[in-house]
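Trainee: Take a look at this one; I'll ask things after.
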Amino acid sequence: EILLTQSPATLSSSPGERVTLSCRASQSVGSDLAWYQQRPGQAPRLLIYGASTRAAGISARFTGSGSGTDFTLTISSLEPEDFALYHCQLRSSWPPMYTFGQGTRLDFK
Amino acid sequence: QLQLQESGPGLVRPSDTLSLTCTVSGASIVSTTNYWGWIRQTPGKGLQWLGSIYFSGLAYYNPSLRSRLTMSVDTSQNHLFLTLSSVTAADTAIYYCVRDLWGSGESFDYWGRGTVVTVTS
């Protein structure tokens, strides 16, 4: 089973700043990586799939990049609503399954 | 607009079987472009994919839960079903129903609001 490690576990920042979240896979997954945002009391929301494709309605402030084992999610010019929990997720070919990282919490500095 | 709504018992006793239903509205589950799935979330272990199912009944399960998990669909009612047998406290979680872009995006683009399941005697 492929493992995903997100770092840092918690990131403190301020509105207007730019942040980068990391997600590392234990073995190469090509570009089958997605990112989700989860606000308190809500279900996760798809931000990025295919490592770099923004989902419908997602702001251009969110940029995904990477391939193989190392992926990043960059949020430029943080808005107050961006302070949330972020998850990365991959799908492996064998066994055919999905795996999530443990999450990065983005909070106010 | 596609919507998913989970429903279930809320409380389940240890060793019993958990049964959940997902009602899909705004689109037919008879789709050739996506699967439908279940994901749960616990404070300690984060998000865990449980399994995904095609409208034909073809299903993929998380290997760690395969022996206890069954998923099915009712295309006439646009419902998805999940049963998890021999539950323990470790199965206490929020359970989400999702649309799975298996084969076309490898991600989950629609989520239900989730239903809380607590395993307690």
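Trainee: Around B:T17, with a cut-off of 15 angstrom between Cβ atoms, what is the net charge of the other residues, counting Lys and Arg +1 and Asp and Glu -1?
Mentor: The answer is 0.
Trainee: Now, a different point. What is the average number of partner chain Cβ atoms found within 10 Å of a Cβ in A:95-103?
Mentor: 6
Trainee: What ranking do B:93-104, B:19-30 get when scored by the average of other Cβ atoms within 10 Å per residue, highest first?
Mentor: On the way: B:93-104: 21.6, B:19-30: 16.2.
Answer by packing, highest mean first, reads B:93-104, B:19-30.
Trainee: What percent of all Cα-Cα pairs in chain A falls in each 10 Å bin, counting up from 0?
Mentor: Calculated P(r), rounded to whole percents: 16, 51, 28, 5, 0.
Trainee: With viscosity set to 1.567 mPa s at 4 °C, what whole-number translational diffusion coefficient in µm²/s follows for the protein assembly as shown from Stokes-Einstein and a Kirkwood radius over Cα pairs? Let's see the in-between values first.
Mentor: Working: Rh = 18.0 Å.
D = 72 µm²/s.
Trainee: Using θ = phi - 60° and the Karplus relation 6.51 cos²θ - 1.76 cosθ + 1.60, list the HN-Hα couplings for region A:36-46 in order, rounded to whole Hz, with x at every Gly or Pro.
Mentor: For region A:36-46, the Karplus-derived couplings read 10, 10, 10, 8, x, x, 10, 6, x, 10, 5 Hz, x marking Gly and Pro.
Trainee: What net charge do the residues around A:W35 carry, taking every other residue with its C-beta under 15 Å from that of A:W35, with Lys and Arg at +1 and Asp and Glu at -1?
Mentor: +2
Trainee: If N is the number of residues in region B:38-121, what value comes out of its Cα radius of gyration divided by 2.2 N^0.38 Å?
Mentor: 1.09
Trainee: Let me check I have the definition right: for region B:1-89, take the eigenvalues of the Cα gyration tensor, multiply each by 5, take square roots. What are those semi-axes in whole Å, largest first?
Mentor: Working from the Cα gyration tensor, I get semi-axes of 23, 14, 13 Å.
Trainee: Let me ask you something else. Put a dot 7 Å past each Cα toward the Cβ at A:T63 and B:T120; how far apart are the dots in nm?
Mentor: Going from the B:T120 label point to the A:T63 one covers 4.8 nm.
Trainee: For A:R105 and A:D70 in one chain, what is 0.36 nm times their gap in residues minus the Cα-Cα distance, to one decimal in nm?
Mentor: Details: separation 35, 0.36 × 35 = 12.60 nm, distance 1.89 nm.
Going from the current span to full extension adds 10.7 nm.
Trainee: For A:S28 and A:T53, what does the FRET efficiency come to when R0 = 22 Å and r is the distance between their Cβ atoms, rounded to the nearest 0.05?
Mentor: 0.70
Every number here is computed from the coordinates shown, using simple stated rules; none is lab data. From a predicted model like this one, the values you see are computed outputs, not experimental measurements. A quick note on method: Cβ atoms are made from the backbone with ideal geometry, for glycine too, and the neighbour counts reach across all protein chains shown.
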